[in-house]
Amino acid sequence: MLEIRNLGKTYPNGAHALGGIDLTVQQGEIVALVGGSGCGKSTLLRLISGLDQASHGTVEVEGEVIRDPHPLVGIVFQEPRLLPWLSVADNVAFGLAALPPAARQAKVAEALERVGLGRYGAKWPRELSGGQSQRVALARALVTEPHVLLLDEPFSALDAFTRADLQDHLITLWERYRPTLVLVTHDIEEALVLATRIVIMQPNPGRIARSFEVALPRPRQRHSEAFDAEKRRILKALNATLAEPPAREDGLIQGAGI
């Protein structure tokens, strides 16, 4: 389980990126974070991952406080960030140095097979397409079997066909490994395809405005009436948050009457 309590971030220049965030994500849940630019979605992911330090509050995974990068938490970025001097197999094996060579090789082979790249282990990153590179990044993140996997707009740079294919593939991998997924996306359709819960964030400072359970059955039918109805519901709530004035430090709303 992922437990976030009163998490906030203020940068040295005074920018208040995140107010007090409280969020509980159950094991195996998929939560999509959506919201306008500057509402702190990526900042929140960096704090959960331990790549950045909070100004106040805590992040806990399975009862362990996360202060630095931790093996319980994996992350996939918008760019695959593969190491160009390593083969595909060695990129996937990067976090498995503690394992004996035979066990490491077996886990890498299984991970590549599960992302549809079983015969690509000897290739170099430069020989891969964008979609294939992101599959390798997913394999590298999942091969260590993290309890929580963070995804920061991992498919936004891909064409629509490849993006839809990888969304479906991610669900297949999730069904196999069952990690908790926390996804940042600007794409409402992507959030509806993937998430069990959609959390809408609001800026100035970044905070949670709304939360919606997604009750659509899997596999999600992107062109169904039910899908369209859910999309309209989420968009209406998102537009409402974008129209609201920012909160003040004392919790009041700027511009509101007293």
Could you give me the residue pairs with C-beta distances under 7 Å whose first residue belongs to region 140-157 and is within 15 Å of Met1 (Cβ to Cβ), whose second residue is part of a loop (DSSP other than H, G, I, E, B) and open to solvent by less than 10 Å² (accessible area, probe 1.4 Å) wherever it lies, and which are 6+ apart or on separate chains?
Pro146/Pro179; His147/Pro179; Val148/Pro179; Leu149/Pro179
Are any residues in region 25-81 surrounded by 14 or more Cβ atoms within 10 Å (Cβ to Cβ) and on the phi > 0 side of the Ramachandran plot, and if so, which ones?
Gly28, Gly35, Gly38, Gly40, Gly50, Gly57
Can you tell me which residue is least open to solvent (accessible area, probe 1.4 Å) among those in region 113-166 that are farther than 21 Å from Ile48 by Cβ and hydroxyl-bearing (Ser, Thr, Tyr)?
Ser133
Can you tell which of Leu7, Leu23, Leu44, Leu33 is touching a residue at least 40 places away in the same chain (Cβ under 8 Å), of a type in the set (A, V, I, L, M, F, W, C) and touching a Gly at 6+ places or on another chain (Cβ under 6 Å)?
Leu7
All but one of (1) touching a residue at least 12 places away in the same chain (Cβ under 8 Å); (2) open to solvent by less than 70 Å² (accessible area, probe 1.4 Å); (3) farther than 21 Å from Asp165 by Cα hold for Pro84; state the number of the condition that does not hold.
(2)
Exactly one of Asn6, Asn13 is over 21 Å from Glu213 (Cβ atoms), modelled with pLDDT of 95 or more and either of a type outside the set (Lys, Arg) or open to solvent by 30 Å² or more (accessible area, probe 1.4 Å) (or both), and that residue is Asn6
Is region 106-120 home to any residue that is of a type in the set (Ser, Thr, Tyr), within 30 Å of Gly20 (Cβ to Cβ), out of contact with any Gly (no Cβ under 8 Å at 6 or more places or on another chain) and in a loop (DSSP other than H, G, I, E, B)?
no
Name the single residue, out of those in region 217-244 being more than 21 Å from Ala164 (Cβ to Cβ) and out of contact with any Lys or Arg (no Cβ under 7 Å at 6 or more places or on another chain), that is most open to solvent (accessible area, probe 1.4 Å).
Lys236
Any idea which residue in region 87-105 is most open to solvent (accessible area, probe 1.4 Å), counting only those that are of a type in the set (A, V, I, L, M, F, W, C) and not in a helix (DSSP H, G or I)?
Ala98
Cβ-Cβ below 6 Å, separation at least six or inter-chain, first residue in region 215-238 and in contact (Cβ under 8 Å) with a residue 24 or more places away in the chain, second basic (Lys, Arg): which pairs?
Ala237/Arg210
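The values are calculated or read from the model by the stated rules, or taken from the named source; none is laboratory data. Predicted, not measured: the structure shown is a model, and the values here were computed from it. All Cβ positions, even for glycine, are placed from backbone atoms using ideal geometry, and neighbour counts span all protein chains on display. Surface accessibility is based on the protein's heavy atoms, side chains included, excluding ligands, DNA and RNA. Shrake-Rupley method; radii C 1.70, N 1.55, O 1.52, S 1.80 Å.
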